[in-house]
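I have placed the structure first, in the form of structure tokens, so that the comments after it can refer back to it.
The values are calculated or read from the model by the stated rules, or taken from the named source; none is laboratory data. Keep in mind that this is a model prediction, so the values were computed, not measured. As a convention, Cβ positions derive from the backbone with ideal geometry for all residues, glycine included, and neighbour counts pool all protein chains shown.
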Amino acid sequence: MLSSLQIEMLIAAIVLFFLILSSLRKNRMSVRNSIVWLLLPVVFMLIALLLEPLSSLAHSLGFEIFSNFIFVIVIGSLILVCFYLTIAVSKQQDQIKKLIQEVSLLKKKKK
């Protein structure tokens, strides 16, 4: 039988999954970026389904309360997503800079 924490985590994962799919359908998010976000509900579901082994791991790592361990996993996941998105933004900034330079050269040649 699932505990209330497991049920809440599964519900949160399902809601997050459908929010991401909704954003994809409305073209608010690119498929490339959604892949990273779709990993989060999968991680939440794995945590919810593997609660007992993770609880043992949490206690062996020194966490007194299992919810603190879950918070660390969630915060770590969000930090990884932010890192990935920072890399994507940096690449886009470089591309924009190159496009601006190319347009400037084309305008200069046209004159």
### Message
Which count do you get for residues in the range 30-46 that are surrounded by fewer than 16 Cβ atoms within 10 Å (Cβ to Cβ), touching a Phe, Trp or Tyr at 6+ places or on another chain (Cβ under 9 Å) and more than 19 Å from Ile73 (Cβ to Cβ)?
### Response
0
#### Entry: Filtered residue count, the range 12-61, keeping only those that are modelled with pLDDT of 90 or more and aromatic (Phe, Trp, Tyr)
2
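Consider Val72 carefully, then state whether it is closer than 21 Å to Ala12 by Cβ, part of a helix (DSSP H, G or I) and modelled with pLDDT of 90 or more.
Numbers: closer than 21 Å to Ala12 by Cβ: yes; part of a helix (DSSP H, G or I): yes; modelled with pLDDT of 90 or more: yes.
It is true that Val72 is closer than 21 Å to Ala12 by Cβ, part of a helix (DSSP H, G or I) and modelled with pLDDT of 90 or more.
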### Message
If I ask for residues that are over 23 Å from Leu16 (Cβ atoms), part of a loop (DSSP other than H, G, I, E, B) and not aromatic (Phe, Trp, Tyr), which ones from the range 39-69 would you list?
### Response
Leu61, Gly62, Glu64, Ile65
